[in-house]
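This report refers to the structure that appears directly beneath it.
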Amino acid sequence: MIILALDTSSAATSVALFDGDVILKSARHIDARRHAEVLAPMIVEVVAGRTVDAVVCGVGPGPYTGLRVGVASAASLGLAWRVPVVGICSLDAIAYAARAGGISGEFIAGLDARRKEIYWARYGEQRLAGPYVNRPDELDPELLTLPWVGVGDTPAYPDATALARIASPLLSAGVPLAARITNLATHGTDDGATAKQLGNQQLLPPFPLYVRRPDAVAGIKS
């Protein structure tokens, strides 16, 4: 099964083409303001005319604009190619890479959420809690005793190769998607609702996980 994976949930735009357990080609560009410009040319370069059997996209959490570039592109490609499109929590990709790099036990995978906040989730062999968004001073002190990956002096970004490696065995085994996430949870209007609904599910519908509450809320006139 040839899988096209892509992620635009962070400052990095990442694309990879995966076949079985082999990365056929991958590309990454780091610029938080150019997802829309660079993603399509990167996909053309990586796919290089091959037939794709499924599309996997990182669904965040991440900033509204950049995240939607990847999710909307994945959905469009799925429609054009008539192939399934699935989502993976982007923090799962950071956690996967951390485990592959030798980390063991429980740890936190995080991403810079801007506004002096952090997107984070807790992991062991699987996602144990999250994703959430908090300021560092809001975190339980116990969390700060665990190893953190993805944030700090050496930030890591979700990588499309990790997304593909997570999704490939699940798609091949026919693992069903997690239940459709309600708009309330998807848009982060209820603190913790997204994490509660996701549980430790990995294959998700291809909808953005914003987690954060929206900046603009429709007013209600009396």
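About its Cα centre, how strong a charge dipole does the chain have in debye, to the nearest 20, once Lys and Arg get +1 and Asp and Glu get -1 at the Cβ?
Details: 20 positive and 21 negative charges, 124 e Å.
Charge dipole, the chain, about its Cα centre: 600 debye, nearest 20.
Under the Karplus relation 6.51 cos²θ - 1.76 cosθ + 1.60, θ = phi - 60°, what is the ordered set of whole-Hz ³J(HN,Hα) values for segment 104-114, x standing for Gly and Pro?
Once θ is set to phi - 60°, the couplings for segment 104-114 become 9, x, 8, 7, 10, 9, x, 9, 5, 9, 6 Hz.
Counting pairwise Cα distances across the chain, what percent come out greater than 31 angstrom?
So the pairs more than 31 Å apart make up 16 percent of the total in the chain.
For a quick check: with amide H placed at 1.01 Å from N, whose amide H comes under 5 Å from VAL211's, ignoring anything fewer than 5 positions away on the same chain?
For VAL211, whose amide H was placed from the backbone, the distant partners under 5 Å are GLY188.
Between THR51 and GLU138, how many nm apart are label points set 7 Å from Cα along the C-beta direction?
So the label points at THR51 and GLU138 sit 4.8 nm apart.
Ranking SER76, SER10 by Cβ neighbours within 10 Å, fewest first, what do you get?
Values: SER76 12, SER10 30.
By the 10 Å Cβ count, ascending: SER76, SER10.
Going highest first, how would you order 48-54, 125-131, 204-210 by mean Cβ packing within 10 Å?
Details: 48-54: 12.6, 125-131: 17.6, 204-210: 20.9.
So the peptides 48-54, 125-131, 204-210, ranked by packing, come out 204-210, 125-131, 48-54.
Each residue of segment 24-32 in turn: what ³J(HN,Hα) in whole Hz from Karplus with 6.51, -1.76, 1.60 and θ = phi - 60°, glycine and Pro shown as x?
Per-residue couplings from phi come out as 6, 6, 8, 8, 8, 9, 10, 5, 5 Hz.
If we count every other residue with Cβ under 9 angstrom of PRO158's Cβ, Lys/Arg +1 and Asp/Glu -1, where does the sum land?
Working: positive: none; negative: ASP7, ASP92, ASP159.
Taking every other residue near PRO158 into account, the sum is -3.
Taking square-rooted eigenvalues a ≥ b ≥ c of the alpha carbon gyration tensor, is segment 1-68 rounded, prolate or oblate, where a/c under 1.5 means rounded and, failing that, a/b exceeding b/c means prolate? The partial results should precede the final answer.
Numbers: a/c = 2.30, a/b = 1.70, b/c = 1.35.
In terms of gyration-tensor shape, prolate.
Could you give the nm distance between label points at VAL44 and LYS25, where each point is 7 Å from its Cα heading toward the beta carbon?
With each label point 7 Å from Cα toward Cβ, the separation is 1.2 nm.
For a protection proxy built on the mean count of beta-carbon atoms within 10 angstrom, sort 112-120, 137-145 highest first, please.
On the way: 112-120: 18.4, 137-145: 9.4.
Per-residue mean Cβ counts within 10 Å order the peptides as 112-120, 137-145.
Each reported figure results from applying straightforward, stated rules to the coordinates on display, with no laboratory input. These numbers were taken from a predicted model, which means no experiment stands behind them. Neighbour counts are summed over all protein chains in view; Cβ atoms, including those assigned to glycine, are modelled from backbone coordinates with ideal geometry.
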